[in-house]
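Enquirer: The following block contains the structure, expressed as structure tokens.
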Amino acid sequence: MNRLIVISNRVNPPTDPSVATSGGLAMALAAALREYSGIWFGWSGETAETYTGQLSIDRIGGVTVATIDLDEQDRQEYYNGYANKTLWPLFHYRTDLTAYERSFGVGYERVNGRFAQGVRPLIEADDLVWVHDYHLLLLAQELRRLGVKNRIGFFLHIPWPGRRTFTTLPKHRQLVEALLDYDLIGFQTEDSCDAFADYVVHTLGGTVSEDGVVQARGKTTRIGAFPIGIDAEAFDAAVRSPAAESYRERMRVSAAGRKTILGVDRLDYSKGLEERFLAYEQLLTDHPELHEHVLMLQIAILSREEVDAYQDLRERLDTVSGRINGAFASVDWVPLRYVNRPYRRDELAGIYRAADIGLVTPLRDGMNLVAKEYVAAQDPDDPGVLILSEFAGAAPQMPEALIVNPVSREDVAEAIRRGLSMPLEERKARWEALAKGVRKENVTAWRDSFVAVLERPLLTAA
Ligand code: ADQ
């Protein structure tokens, strides 16, 4: 088996699999590295006064990690700038929030170059290199410039936007031409894969064969959809843990017989939190008979607090949640509990299990692992109902959820009402189909299918 060199912006394998991390990516990659020997390389998250490129190597949670520090200008231009103020909003269709500053692009190129310099000495002849996410679109190009001939794959965890949206990005051609230096470009969904192919054909004048071989600008690569899953086994263990049981009981006691609607997200404008609160407000306005009988728990961990758009969103959510509770609460009923702290995975598993409805309504999402975790945590004899946005990458894999348009308050409110009164038989039938998919299309299946295609020589596909 070849060694695997995983490269992502941040390197944060969990020391203890039951402890929560702030993103789906870290959990997925730690699980992926468990079986392969290899190294996980990335930014330490620290900024040094001056950049030195000094490598630090450690062993964390059974995984060898190698990191470099960046400098403050890198953090501002590459991380807060191009990654989080340009690519993230653009790829989530928020052109209104997208900043196009020249210095961000320059910083992004510089840091992709620094990553290449940093990881280069660690790469041996037969290693497979697997690069993750929108921070590192240029990395293969930088590694090729340094003479790396290994097979290098790329996986995009967020959506690839439609052509008209993507082409608003200055220098979009250079970005995609650099991306073509990868041997395999993986997306979460067929939809993203099709959007990329559309760009290749209509903007670059290239070709894409039926089995995903891309030819453009004198380069050949392959594209494919590889929907990410959860580490279902580890999650099962978390569900059965004492911490999960204790949290489930806390939830049960505090709900006092009321039905619970649950949201769990990073506090990010792509997750549709404001729209979700407004849909709940609509539900309470239209259905007074539900007052005192339901409660919503929204757990939203703070994220990217250095970026203005995130601070603005936080303020708006504080206002809307206050307004809802001010309008509807009674002496012993608070309709919306809004919590900004993180929970351990085992605690979260218990919280999921106690909820009658899992409300997952992003406006755009590469996949959304919360939807899968919610399903995995349910009691087979009395499962809750998953309500899922049609714009989550998970939606095509999870048609047995109640699929909604997250911007339609009426649509979401009606799905909640329907979920609250859904008969046990229907809940079970829907859940069984969903749980089967979550178990089968897990993180190991995702890793294996990506690596198998990456290992396959390109020519045999033609
Ligand atoms: P994220 O945008 O971070 O990931 P998501 O897939 O939902 O989104 O993963 C969130 C993870 O964080 C989940 O594992 C969840 O349990 C955890 N989490 C969220 N809130 C938490 C809290 N309060 N306490 C503890 N844990 C919490 C990006 C893309 C997604 C894609 C993943 C993986 O945006 O679309 O699914 O990568 O590819």
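Enquirer: State the antiparallel share, in %, of DSSP beta bridges confined to the chain, rounding to the nearest 5.
Expert: Rounded to the nearest five, the antiparallel share is 20 percent.
Enquirer: Another one. Can you compute 3J(HN,Hα) from phi for each residue in the stretch 333-349, using the Karplus curve 6.51 cos²θ - 1.76 cosθ + 1.60 with θ = phi - 60°, rounded to whole Hz and x for Gly and Pro?
Expert: Calculated HN-Hα couplings, in order: 9, 10, x, 10, 9, 10, 10, 9, 9, x, 10, 5, 4, 5, 5, 4, 4 Hz.
Enquirer: Distances longer than 18 Å among the Cα atoms of the stretch 343-430: what percent of all pairs is that?
Expert: Within the stretch 343-430, distances greater than 18 Å cover 41 percent of Cα pairs.
Enquirer: Amide H to amide H under 5 Å from D231: which residues, 5+ apart in sequence or cross-chain, H placed 1.01 Å off N in plane?
Expert: V443
Enquirer: Follow-up. Between the stretch 215-239 and the stretch 338-382, how far is it from one alpha carbon centroid to the other, in angstrom?
Expert: A separation of 21 Å, based on Cα centres.
Enquirer: Residue by residue through the stretch 87-99, which ³J(HN,Hα) values in whole Hz follow from phi under the Karplus form 6.51 cos²θ - 1.76 cosθ + 1.60 (θ = phi - 60°), with glycine and proline marked x?
Expert: Residue by residue, the stretch 87-99 yields 5, 4, x, 4, 6, 9, 6, 9, 4, 5, 9, 7, 9 Hz.
Enquirer: How do 211-218, 359-366, 435-442 rank on mean C-beta neighbours within 10 Å, highest first?
Expert: Descending mean neighbour count gives 359-366, 435-442, 211-218.
Enquirer: Whole number in Å², please: accessible area per residue of the stretch 254-324, 1.4 Å probe, ligands, DNA and RNA not counted.
Expert: Accessible area per residue, the stretch 254-324: 38 Å².
Enquirer: Take the cross-link list K271/K372; K149/K171; K372/K436; K271/K428 and give me the ones stretching past 22 Å between alpha-carbons.
Expert: K149/K171; K271/K428
Enquirer: OK, next. Of all the accessible heavy-atom surface of the chain, with the other protein chains kept in place and a 1.4 Å probe, what percent is carbon and sulfur?
Expert: Solvent-exposed carbon and sulfur of the chain make up 48 percent of the total.
Enquirer: Can I ask one more? List, in order, the whole-Hz ³J(HN,Hα) value for each residue of the stretch 214-223 obtained from phi through the Karplus relation with A = 6.51, B = -1.76, C = 1.60 and θ = phi - 60°; use x for Gly and Pro.
Expert: In residue order, the calculated couplings are 9, 10, 6, 6, x, 10, 10, 8, 10, 10 Hz.
Enquirer: Provide the net charge surrounding S103, with neighbours chosen by a C-beta distance below 15 Å and charges set as Lys +1, Arg +1, Asp -1, Glu -1.
Expert: -1
Enquirer: Could you give log10 I(q)/I(0) at q = 0.08, 0.09, 0.17, 0.19 Å⁻¹ for the stretch 234-440, computed by the Debye formula over C-alpha point scatterers of equal weight, without solvent?
Expert: -0.24, -0.31, -1.22, -1.55
Enquirer: Based on alpha-carbon centroids, what's the gap between the stretch 165-184 and the stretch 134-153 in Å, whole number please?
Expert: Answer, in whole Å: 14.
Enquirer: Share of Cα-Cα pairs in the chain beyond 37 Å, in percent?
Expert: 26 percent
Enquirer: Do any GluC sites (Glu not before Pro) in the stretch 39-81 lie in a loop, going by DSSP, with at most 11 other beta-carbon atoms within 10 Å of their beta carbon, and if so which?
Expert: Hits after loop and neighbour filter: E49.
The values are calculated or read from the model by the stated rules, or taken from the named source; none is laboratory data. Quick caveat, the model's predicted, so the values are computed rather than measured. With ideal geometry, Cβ positions are generated from the backbone for all residues, glycine too; neighbour counts draw on all protein chains shown. What goes into the accessible areas is simple: the full protein's heavy atoms, side chains included, and nothing from ligands, DNA or RNA. Shrake-Rupley method; radii C 1.70, N 1.55, O 1.52, S 1.80 Å.
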